[in-house]
Amino acid sequence: MTGSIDINGARLLQRLEEFAAIGATKAGGVNRQALSVEDRQARSLLAELAVARGFRVYQDPVANLFIRRDGMRDDRPPFLIGSHLDSQPTGGRFDGALGTLAAFEVLESLQDRAIVTNGPVEVVAWTNEEGSRFTPGVMGSMAFSLGHVLDAWQNIQDAKGTRLQDAIADTLAALPEAEFRALGTPIAGYLELHIEQAPTLERDGIPVGIVTGVQGTRWLEIRVTGQAAHAGTTPLVYRRDPVVAVTTTLSALYASIMPNDPEARFTVGRMSVDPGSVNAIPGSLSLTIDLRHPDIQRLDAIEALIITLFQSACDTNGCTLETRRTFDVAPAIFDETIIQESENAARRLGLPFRHMISGAFHDALYISRVAPTAMIFVPCRDGLSHNEAEYVEPEHSISGARVLFETVRGLL
Ligand SMILES: [Zn+2]
């Protein structure tokens, strides 16, 4: 392997411009929500570019889009590279698009240089990563990896009442040149380039993040019930005040979870007091907890601590506790071989890199459940994302694509 074979950085930057024009907003971002007219335009443009290069185009039942370049052994499952083309309503031009277009640049560079890979390489644009128009997000990769969720999504609609299944059908029909394939066909692996969406790489001047996993997330709903009573007449010993139970517990949790574990994320995002009257001790208090950690054992331990402390404060204050887990996504651990090959690639290119965990969800989270998977991050300005001002330095877009290219060549 030699470092002298390279991608066409100028072509990648031009493609980023071309796609940023589809759904462009006045403030310089994009509004290209999943399965919208703009999303279809972006998919059509990618398919058109693919056909012009002699690549084959496929769609599956959830409208994931695949662009295939054959390898020496076409009976082998393809290695996938890519990301997503949909955006938030006031999204940036790099979130998803960079990973998809860099992957296409890799395919074109392989073709330009007539490099024969062992197995096929495919670019993928997963459907509805963002989840802003149709919930849930990471829909395409979830359906690809689980296979059975489409039936459960039959009643999903957007805010205007458009049914998900109609939007998928229209999107599939808008790309008649694509061949149809079943959901979840076998793959050899998946590598996704993405912007970091946090400020650490930029702050430390490191151009490449080698992502070793995605942290797990749990949501808890907690309700503490005491007894509503008169604020003026009820002495301390008669009070069963849920606010006391909750505030003492939370101050203990804030003081122990994150200060003692830099990888933990603990957030109370919603809280409501009932009945919410200025001169009444509340009868109950409900709150939500968003808990994240890359290690599932730590997630379990912290969740147990949360419940133990709430229970003890409830016992002390004559309150009762109800807890419910409303969301649970296990952490993903990425593949050693792909991580190693990405490191080798960055070294060959002379690009400093660091290992990191992704704080955000990505399609790679679900794909890692069914195939060897990893991700590469590049810095974005001020860590800003899901924002029209999102920006990636051209050299960082190109570096990310070069690492992707070198990794694919190393693996295949
Ligand atoms: Zn994204």
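Note on segment 176-191: residues that are among the aliphatic types (A, V, I, L, M) and surrounded by fewer than 20 Cβ atoms within 10 Å (Cβ to Cβ) amount to 3.
Comparison of VAL273, VAL214, VAL244 shows that the only residue that is touching a helix residue (DSSP H, G or I) at 6+ places or on another chain (Cβ under 9 Å), within 30 Å of LEU98 (Cα to Cα) and not charged (D, E, K, R) is VAL214. For segment 39-48, the criterion of being acidic (Asp, Glu), more than 14 Å from ARG15 (Cβ to Cβ) and within 16 Å of the ligand (Cβ to nearest atom) is satisfied by at least one residue. Restricting attention to segment 52-83 and to residues that are assigned to a loop (DSSP other than H, G, I, E, B) and under 15 Å from ASP363 (Cβ atoms), the residue that is farthest from the ligand (Cβ to nearest atom) turns out to be ASP60. Checking segment 180-203 against the condition returns a match, with at least one residue being away from the ligand (no atom under 16 Å from the Cβ), more than 24 Å from the chain's Cα centre (by Cα) and either more than 28 Å from MET356 (Cα to Cα) or in a helix (DSSP H, G or I) (or both).
Consider SER368 against the criteria (1) crowded, with 20+ Cβ neighbours inside 10 Å; (2) assigned by TED's automatic domain parsing to the domain that holds VAL246: it satisfies all of them except one. Which criterion is unmet? Exception for SER368: condition (2). The number of residues in segment 4-47 that are in contact (Cβ under 8 Å) with a residue 60 or more places away in the chain and either of a type in the set (Asp, Glu) or over 20 Å from ARG133 (Cβ atoms) (or both) comes to 13.
Screening segment 135-175 for residues that are more than 19 Å from GLN41 (Cβ to Cβ), surrounded by 15 or more Cβ atoms within 10 Å (Cβ to Cβ) and of a type in the set (Ser, Thr, Tyr) and picking the one that is nearest to the ligand (Cβ to nearest atom) gives SER141.
If you filter segment 272-298 down to residues that are free of Cβ contacts under 8 Å to residues at least 24 places away in the same chain and within 31 Å of the chain's Cα centre (by Cα), you find that the one that is surrounded by the most Cβ atoms within 10 Å (Cβ to Cβ) is SER272. If we scan segment 112-129, do we find a residue that is part of a loop (DSSP other than H, G, I, E, B), touching a Cys at 6+ places or on another chain (Cβ under 7 Å) and either within 16 Å of the ligand (Cβ to nearest atom) or at pLDDT 95 or above (or both)? Scanning segment 112-129 turns up no residue that is part of a loop (DSSP other than H, G, I, E, B), touching a Cys at 6+ places or on another chain (Cβ under 7 Å) and either within 16 Å of the ligand (Cβ to nearest atom) or at pLDDT 95 or above (or both). Considering segment 20-51, and only residues there that are hydrophobic (A, V, I, L, M, F, W, C) and in contact with a Ser or Thr (Cβ under 8 Å, 6 or more places away or on another chain), the residue that is surrounded by the most Cβ atoms within 10 Å (Cβ to Cβ) turns out to be VAL30.
The values are calculated or read from the model by the stated rules, or taken from the named source; none is laboratory data. As the structure is a prediction and not an experimental result, all values here were calculated from the model. Every residue, glycine among them, receives a Cβ derived from its backbone with ideal geometry; neighbour counts consider all protein chains shown.
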